[in-house]
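No lab work stands behind these numbers, since they all come straight from the coordinates. Just so it is clear, the structure is predicted and the values come from calculations on it, not from any experiment. Positions of Cβ are backbone-derived with ideal geometry, glycine not excepted, and every protein chain shown enters the neighbour counts.
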Amino acid sequence: MFMKEALLVIDVQNIYFQGSLKITYPPESFGNIQKVMDHASAKGIPVVVIQHGASALGGGFSRGSENWKLHPEIEKRHRDVLIEKTLPGSFTGTNLEEWLKSQGIERVVICGYMTQMCCDTTARQALHLGYKVIFLSDATGTITVENTEGRIEDKDLHKAALITQAMRFSEVKTAEEWMESK
């Protein structure tokens with residue numbers, strides 16, 4: 001059964017390539033994000049680029065700053081729409097759902113940053129809104145996190161998020177598996 005889908009490219013912004021939030025795992029995630037964007041465009045699959053801006057949570061995403069800008073490799077690639085958000089979930093306070101519905105989209109494919117934060121939140125929101133979800137395991141990425149609750153290494157955090165996604169929220173695939181299915 002054919003299901004119309006869109007690729008969601010979440011928060012591939014300069015902050016993740018410089019400074020304290022530099023994505024460290026998996027190392028191939030950025031290359032794979034570029035590949036799936038190019039593949040989607042070549043196959044006529046809509047590409048939705050999502051950009052996080054400053055909110056009450058702050059976090060270094062001040063609009064107009066170097067950190068806030070899309071990575072140049074993402075900026076130069078084809079996109080069908082740019083969605084700006086201020087919270088981890090790409091559906092919260094945005095017109096993403098309206099745009100997807102206007103395009104007849106039934107399934108979203110998740111790639112971008114960070115695995116356990118904005119990608120995970122968006123995937124859960126999509127499921128709750130009735131979309132099928134594919135979560136690209138090697139086209140999402142994260143960092144080692146340490147806070148008042150402890151420390152978790154990048155690889156372990158990424159794996160934990162993928163395991164949780166696969167339990168109920170998404171079909172987890174590699175970028176190659178998804179591209180081969182198109």
Legend entry - Alpha-carbon centroids, segment 26-42 and segment 5-23: separation in whole Å: 12
Inset, instruction - Please give the per residue volume of the convex hull enclosing the alpha carbon atoms of segment 5-180, rounded to a whole number of Å³. - result: 110
Inset, instruction - Please go through segment 47-104 and write out the GluC sites (Glu not before Pro) that DSSP classes as loop and that have at most 13 other C-beta atoms within 10 Å. - result: Glu66
Legend entry - Karplus-derived HN-Hα couplings along segment 163-169 (A = 6.51, B = -1.76, C = 1.60, θ = phi - 60°), whole Hz, x at Gly and Pro: 4, 5, 4, 5, 5, 7, 8
Inset, instruction - Could you go through segment 37-46 in sequence order and give the Karplus-derived ³J(HN,Hα) for each residue, using 6.51 cos²θ - 1.76 cosθ + 1.60 with θ = phi - 60°, rounded to whole Hz, and x for Gly and Pro? - result: 4, 5, 5, 4, 4, 5, 8, x, 8, x
Inset, instruction - Taking the dipole about the Cα centre of the chain, with the C-beta of Lys and Arg at +1 and of Asp and Glu at -1, give me whichever of Phe91, Tyr113, Met3 is farthest to the positive side. - result: Met3
Legend entry - Average Cα contact separation per residue, the chain, under 8 Å, 6 or more apart, as relative contact order %: 27
Inset, instruction - Grab the DSSP H runs of the chain that are 4 residues or longer, score each as -39,500 (n - 2.57), total them, divide by all residues and round the 222 nm result to the nearest 500 deg cm²/dmol. - result: -8000 deg cm²/dmol
Legend entry - Beta bridges per DSSP with both ends in the chain, % antiparallel, nearest 5: 15
Inset, instruction - Please sort by residue number the GluC sites (Glu not before Pro) in segment 129-166 whose DSSP state is loop and whose Cβ has at most 16 other Cβ atoms within 10 Å. - result: Glu149, Glu153
